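Rule-based calculations on the coordinates, nothing more; no lab input. The structure presented is a predicted model; accordingly, all values stated were derived computationally and were not measured. Glycine gets a Cβ as well: all are built from the backbone with ideal geometry, and neighbour counts include every protein chain shown.
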Amino acid sequence: MSPRTKTSMNKTAQKIRKPKLAVWKFSSCDGCQLSLLDCEEELLPITEYIEIANFPEASRASSKGPYDISLVEGSITTPHDAERIHQVRRQSKVLMTIGACATAGGIQALRNFKDVKQFISAVYANAKYIETLNKSTPIADHVFVDFELRGCPINKLQLLEVINAFLNGRKPNTPASAVCLECKRRFITCELVTHGALCLGPVTQAGCDALCPSYARGCFGCFGPKETPNTSSLSTYWNSLGIKDDELVRLFRGFNAYAEAFRRESEAHEK
């Protein structure tokens, strides 16, 4: 191969730059990041098209930004988090939140309904080194978010779909329907109708492939509220079966307790 040909190939390689992907953790359990690692066979082909530039869960190696895509897991619960998310946003072309913590505040958002100082005094012998915010809030409350991927944890196949969509400049193809549709596709007997189970399936976004109903359990709402969820109608139905308000409050205050639709419905039944 002539020197001129080698030079030409090097210039071409320089022009074809792989998009940089960064993964960031805030207040969370790391479960959504593990969903990316769980891709296993799919992960190696991904690296042919993108450079995983920052992913502490997977590797110590890290490349400086700016980044083409940032995946953010976790909620904002400390002053440090509130500052750092702005730094992440500034160096990210596309910022995508993954999981219930990042999109709705997570299970830790249960603190939002109480006085967090009471929890601190109950847990820590000396609270003077504890620096926390009064509320656990989603990333979108602090910076602009380009796309939200729901779930606790997220569906790894949905994550691959969304990354593929952004790399190819198209809209992600993720469901906006209810979990009930997934039950029907799997020929699962409706737990809500047949057994009167406390199931959030009618108001919860699809994405889990009806995991809990497939084991004869009601949906826990892991993927958060679907589009235009009629939570009040569902609560009225349960009230007619004798379900008390305090039980409804607990039902809506789960993994997505601070998602607007679930939050409003739980507050409506709070005495």
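Taking the charge dipole of segment 179-268 about its Cα centre, with +1 at Lys and Arg Cβ atoms and -1 at Asp and Glu Cβ atoms, the residue from Cys212, Leu198, Phe223 reaching farthest to the positive side is Cys212.
Given a Förster radius of 51 Å and the C-beta distance between Lys64 and Tyr215 as r, what FRET efficiency does 1/(1 + (r/R0)^6) yield to the nearest 0.05? Calculated value: 0.65. First measure r as the distance between the Cβ atoms of Ile50 and Phe119, then evaluate 1/(1 + (r/R0)^6) with R0 = 41 Å and state the FRET efficiency to the nearest 0.05. FRET efficiency, Ile50 to Phe119: 0.55.
For segment 220-228, 3J(HN,Hα) computed residue by residue from phi via the Karplus equation (6.51, -1.76, 1.60; θ = phi - 60°) reads 9, x, 4, 9, x, x, 6, 5, 6 Hz, glycine and proline entered as x.
Assuming R0 = 35 Å, what is the FRET efficiency of Thr78 and Arg186, from their Cβ-Cβ distance, to the nearest 0.05?
Working: r = 41 Å, r/R0 = 1.17.
It comes to 0.30.
Per-residue Karplus couplings for segment 128-145, computed as 6.51 cos²θ - 1.76 cosθ + 1.60 with θ equal to phi - 60°, are listed in order as 5, 9, 8, 10, 9, 8, 5, 10, 9, 10, x, 4, 5, 6, 10, 9, 6, 10 Hz, Gly and Pro entered as x. Figure legend: label point modelled 7 angstrom from the Cα of Asn173 along Cα→Cβ; no residues of segment 88-120 have amide N under 13 Å from it. Which one, Phe220, Phe255, Phe166, has the greatest fluctuation when you compute a Gaussian network model over the chain with C-alpha springs under 10 angstrom? Answer for the Gaussian network model of the chain: Phe166.
For segment 12-167, the residue among Cys152, Ala165, Ser70 whose Cα projects farthest onto the positive side of the dipole built from Cβ charges is Ser70. When the chain is treated as a Gaussian network with alpha carbon springs shorter than 10 Å, the biggest mean-square fluctuation among Gln87, Gln118, Gln205 belongs to Gln118. Note on Leu43 and Glu267: the model spin-label points, each 7 Å out from Cα along the C-beta direction, lie 4.1 nm apart. Between the Cα long axis of helix 231-240 and the first principal axis of the chain there is an angle of about 30°, rounded to the nearest 10.
Shape class of the chain from the Cα gyration tensor (axes a ≥ b ≥ c, square roots of the eigenvalues): oblate, since a/c reaches 1.5 or more and a/b does not exceed b/c.
Taking N as the number of residues in segment 12-167, what is its alpha-carbon radius of gyration divided by 2.2 N^0.38 Å? Can you show the working numbers first?
Working: Rg = 16.8 Å, N = 156, 2.2 N^0.38 = 15.0 Å.
This ratio for segment 12-167 stands at 1.12.
Springs join every pair of Cα atoms under 10 Å in this Gaussian network model of the chain, and among Ser75, Ser27, Ser232 the largest mean-square fluctuation is at Ser232. With respect to the chain, whose longest principal axis is taken over its alpha-carbon atoms, helix 3-15 is tilted by about 20°.
About the centre of its Cα atoms, segment 33-86 shows a dipole size close to 360 debye [charges on the beta carbon of Lys, Arg (+1) and Asp, Glu (-1) only; nearest 20 debye]. Specify the angular offset, from 0 to 90 degrees and rounded to the nearest 10, of the alpha carbon long axis of helix 156-167 from the longest principal axis of the alpha carbons in the chain. The answer is roughly 50 degrees. Working note: 222 nm ellipticity from helices only, DSSP H runs with n ≥ 4, each -39,500 (n - 2.57), summed and divided by the residues of the chain, gives -10000 deg cm²/dmol to the nearest 500.
May I ask for the net charge around Ser214, where only other residues with Cβ less than 13 Å from the Cβ of Ser214 are counted and Lys, Arg are +1 while Asp, Glu are -1? My count for the surroundings of Ser214 gives +1.
Compute the Cα gyration tensor for segment 120-233, then decide on rounded, prolate or oblate, letting a ≥ b ≥ c be the square roots of its eigenvalues: rounded whenever a/c is under 1.5, prolate when a/b is larger than b/c in the other cases, and oblate in all that remain. In terms of gyration-tensor shape, oblate.
With charges only on Cβ, +1 for K and R and -1 for D and E, what is the dipole size of the chain about its Cα centre, in debye, rounded to 20? Display every interim value, and only then the final one.
On the way: 34 positive and 29 negative charges, 204 e Å.
That gives a dipole near 980 debye.
According to the Cα-based calculation, Rg over Rh for segment 179-268 is 0.93, with Rh computed by the Kirkwood formula. Between the alpha-carbon centres of segment 37-58 and segment 65-124 there is a gap of 23 Å.
Dipole check for segment 139-196: with +1 at the C-beta of Lys and Arg, -1 at the C-beta of Asp and Glu, and the Cα centre as origin, the magnitude is about 300 Debye.
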